[in-house]
1. Once you place label points 7 Å from the Cα toward the Cβ at ASP246 and VAL154, how far apart are they in nm?
2. Using the Kirkwood radius over Cα pairs, work out the Stokes-Einstein diffusion coefficient for the stretch 223-290 at 37 °C and 0.692 mPa s, in µm²/s as a whole number.
3. Wrap a convex hull around the Cα atoms of the stretch 61-286, take a quarter of its surface area, and give that in square nanometres.
4. Quick one: what are the phi-derived ³J(HN,Hα) couplings along the stretch 208-225, Karplus 6.51/-1.76/1.60 with θ = phi - 60°, whole Hz, x for glycine and proline?
5. Could you check the spin-label model distance between PHE286 and ALA225? Points 7 Å from the Cα along Cα→Cβ, value in nm.
Amino acid sequence: MSKRLSFASKQERIFVLSQRDLLFNRRKFLAQSSALAAASLIPATLIGQTSSLEHATESQPHIPSRDTTLKFNPDGTRRPFAGNTIICHLPAQCAMRDVMIELHRTLAEAPFRRKLGLTSTDSYHMTIFPGANDLDRAVYGWPSYVSAEASIDVCSRMVKEKMENASFSCQLPLRMRIDEEYTVNFATACSLRLVAVDQKEDAKLRSLRDQIAVVYGFRLKDHAAYQFHMTMSYQMAPFTDQEQSDYRKLLRAHIQSMIAAQPILELGVPEYCTFPDMFRFEPKKFLVCS
């Protein structure tokens with residue numbers, strides 16, 4: 001009798017486990033089906049690029065970040081931060097710059113202004129390759145052929161010599177656009193998030209970065225996934241909920257004006273620059289691209 005009961009109990013446990021597995025698999029199937037249905041609505045031109053939604057839901061960073069405190073004082077004034085980099089300056093005469101200057105003025109007059117380290121409107125640029133700096137060599141990277149004890153001036157001179165003898169395969173201009181949702185929902189203020197206009201342009205730009213990394217003699221962990229942007233300010237302290245709401249509202253209005261004025265931003269010859277801080281980027285060599 002006890003054996004029959006034991007056998008029945010075992011059968012019941014098997015049945016319950018089977019039913020639970022079926023329920024789990026059904027839920028998993030429905031979740032996967034929903035994900036696939038949503039993915040089918042994404043435009044083909046965005047496949048292979050990181051989506052705005054993924055960027056918008058990334059974890060919140062510490063504010064101010066280490067990068068911010070190296071470049072700015074707590075009151076938002078600039079600190080010495082010498083280094084070298086490859087950038088494309090924003091064209092001096094373009095519709096996007098006009099709206100960016102309007103946004104700069106709006107941020108400068110905003111109630112949360114004290115929480116921002118605004119950059120100079122003269123220095124707006126898109127970084128192609130971050131390069132090396134004097135204050136955080138281990139994190140930012142340092143050329144493999146330059147002594148770790150060398151001054152930043154020596155480093156910049158040696159990199160310049162390499163750039164003068166290098167040529168790069170890249171058809172210009174570089175064609176970018178603003179990702180509105182990624183920019184408005186970006187975790188800190190204020191950074192215009194830029195993406196290539198299509199996959200071909202993105203591949204061209206990534207290839208250029210690979211070539212520059214060879215000349216520099218190093219690449220960072222985020223090299224392949226580097227996110228292009230133009231920084232208009234660094235954030236010195238977290239916003240309140242109301243400040244965050246006000247910031248995003250004014251930012252969205254200006255971003256939409258930028259996109260309407262200039263849907264595609266064309267950037268010219270990349271420049272090897274040195275800088276004493278985040279307000280001045282001095283061109284030392286225009287890259288040879290063909």
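1. So the label points at ASP246 and VAL154 sit 5.0 nm apart.
2. Numbers: Rh = 15.8 Å.
Roughly 208 µm²/s, to the nearest whole number.
3. Values: hull surface 46.8 nm².
Over every viewing direction, the Cα hull of the stretch 61-286 projects on average to 11.7 nm².
4. Working through the residues one at a time gives 4, 4, 4, 5, 5, 4, 5, 5, 5, x, 6, 8, 8, 4, 8, 3, 6, 10 Hz.
5. The two pseudo-label positions are separated by 3.6 nm.
Read-outs: derived from the displayed coordinates by stated rules, not from any lab. Just so it is clear, the model here is predicted, and its values are computed rather than measured. Neighbour counts are summed over all protein chains in view; Cβ atoms, including those assigned to glycine, are modelled from backbone coordinates with ideal geometry.
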